[in-house]
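Below is one structure, written out as structure tokens; the observations come after it.
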Amino acid sequence: MSQQNICPEWPEIRREEYRGVYVYAEHDGNSLKDVSLELIGKARQLAVDLDGAEVAAIIIGGTDAMARELVETGADRVIRIVGEGLETYNPVRYSMAIAQVLDKYRPEIVLIGGTKRGRELAAYIANTLKTGITADCTELEIDKASRDLIAIRPTFGGNVLAGIRCPQRRPQMASVRPGVFPKPSRDPTRRGEVISERVDVQDGRMRLVAVERKVERDVADLPPVEKADVVVVGGRGLGSADGFHLLVELARALNGTIGASLMAVRAGWAPHTRQVGQTGKTIRPRVYIGVGVSGAVQHIVGMLESKVIIAINTDRNAPIFRYVDYGVVGDYKEIIPRLIELVKAAPKPTPTEKQPV
Ligand SMILES: Cc1cc2nc3c(=O)[nH]c(=O)nc-3n(C[C@H](O)[C@H](O)[C@H](O)COP(=O)(O)OP(=O)(O)OC[C@H]3O[C@@H](n4cnc5c(N)ncnc54)[C@H](O)[C@@H]3O)c2cc1C
């Protein structure tokens, strides 16, 4: 199939000038986001199919410890961006800084974590570099013959998986949500280069100014939804925010955490950070318990990798029952309090005892 230049006004690029797989390493000042390390692991795999291309991490600021962690996780090189105006997050400044560095080093692939910040930056950077971005990929592969990235993601409401290429532009960009790829373990013997790049982002076009920093209130001080072994997920069937308080109690008793369906988030019962599914987080806990969740495909894609799936639903024909290991047909208001009692009464495993899944 011949390829038409879809944007003739954009300058031609020479694909052979672009080499390497780069990952934007996001952090909160204290630690790196797990998704950035997950992407370093994936970048290492992609590099194998690109004749051992370099894997590099780009980080704004960061600490020596973060740079070490990136190298020990698989980066050959860490580029630390420094410059005035980068002390606090600003999408315009951050994307300008990253785009400047990408333009200098010319990687063929750039991977960005599909976090709130990552999604925003990815769009700005792609626009600045005049290239394409495939968002929320669930798999990444290389077509060895052409060196093209095949960015795979659900489409048509999650019913079809599309393999998307960007053959005419470089770098090829993709974002991937947290938890899609496993986090590689650290190898303290790995060695890599850490270099500092000073950028200038003092630009007259700057129109975006942060006036206030607000931290979204969570329903409970429980671990993030992608970090617990047991996740109790509430859906619209809970009927009210009070239902979530029951789930919090169960999650605490199980030493786990809580998650939510999109509808529960929309109802304001839980923050978006706890949403599981296509436009939320992908989780792979040892135990998933869906309460009042119908099991729409957009939800299922975010939890199907759970080892044991349990659902509680009044409707015996709810789609979620197609995916469960254990299903309970009934009203959660009767079942959850009883479950909490049973869990609290159960003998606690001794530290050496292996917990059953
Ligand atoms: C592009 C796109 C992206 C999307 N992304 C996501 C996503 O990331 N995550 C997500 O979750 N959804 C997502 N959705 C929405 C998804 O299609 C569903 O609408 C949503 O998951 C339904 O949420 P729910 O199961 O909580 O609500 P409902 O579908 O309304 O289900 C409620 C369930 O609760 C049961 N119930 C009612 N009362 C009780 C009771 N007392 N006890 C027990 N059970 C009870 C009902 O039988 C029902 O099965 C997306 C949709 C689109 C189009």
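General remarks:
- Scanning the stretch 240-288 for residues that are within 12 Å of the ligand (Cβ to nearest atom), within 24 Å of the chain's Cα centre (by Cα) and either β-branched (V, I, T) or in a loop (DSSP other than H, G, I, E, B) (or both) returns S261, V265, A267, W269, A270, V276, G277, Q278, T279, G280, T282, I283.
- V55 meets all of the listed conditions (1) farther than 22 Å from P178 by Cα; (2) buried (at least 23 other Cβ atoms within 10 Å of the Cβ) but one, namely (1).
- In the stretch 307-318, residue nearest to the ligand (Cβ to nearest atom) [restricted to those that are surrounded by fewer than 24 Cβ atoms within 10 Å (Cβ to Cβ) and touching a residue at least 40 places away in the same chain (Cβ under 8 Å)]: T314
- Test result for V110, in contact with a strand residue (DSSP E or B) (Cβ under 8 Å, 6 or more places away or on another chain), closer than 28 Å to I300 by Cβ and surrounded by 18 or more Cβ atoms within 10 Å (Cβ to Cβ): no
- Checking D221 against (1) among the acidic types (D, E); (2) in a loop (DSSP other than H, G, I, E, B); (3) within 13 Å of the ligand (Cβ to nearest atom), the condition it does not meet: (3)
- The test for being assigned by TED's automatic domain parsing to the domain that holds R77, of a type in the set (V, I, T), assigned to a loop (DSSP other than H, G, I, E, B) and surrounded by fewer than 18 Cβ atoms within 10 Å (Cβ to Cβ) holds for T189.
- Flag if P347 is without any contact (Cβ under 8 Å) to a residue 12 or more places away in the chain, of a type outside the set (D, E, K, R) and loosely packed, with under 15 Cβ neighbours inside 10 Å: yes
- Residue ID - farthest from T273 (Cα to Cα), chosen from residues in the stretch 224-239 that are in a loop (DSSP other than H, G, I, E, B) and within 12 Å of the ligand (Cβ to nearest atom): G239
- Residue within the stretch 281-292 that is more than 19 Å from K33 (Cα to Cα) and of a type in the set (K, R) present: yes
- One residue from D218, D229 being touching a residue at least 24 places away in the same chain (Cβ under 8 Å) and either in contact with a Lys or Arg (Cβ under 7 Å, 6 or more places away or on another chain) or crowded, with 19+ Cβ neighbours inside 10 Å (or both): D229
Okay, residues lined up against (1) of a type in the set (G, A, S); (2) within 21 Å of the chain's Cα centre (by Cα):
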| site | (1), (2) |
| --- | --- |
| S36 | yes, yes |
| A47 | yes, yes |
| I60 | no, yes |
| E69 | no, yes |
| E84 | no, no |
| G113 | yes, yes |
| I125 | no, yes |
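- Residues in the stretch 289-300 that are within 22 Å of V248 (Cβ to Cβ), near the ligand (Cβ under 6 Å from one of its atoms) and either among the polar types (S, T, N, Q) or not in a loop (DSSP other than H, G, I, E, B) (or both): 2 in all.
The values are calculated or read from the model by the stated rules, or taken from the named source; none is laboratory data. Keep in mind that what you see is a predicted model, and the values were worked out from it rather than measured. All Cβ positions, even for glycine, are placed from backbone atoms using ideal geometry, and neighbour counts span all protein chains on display.
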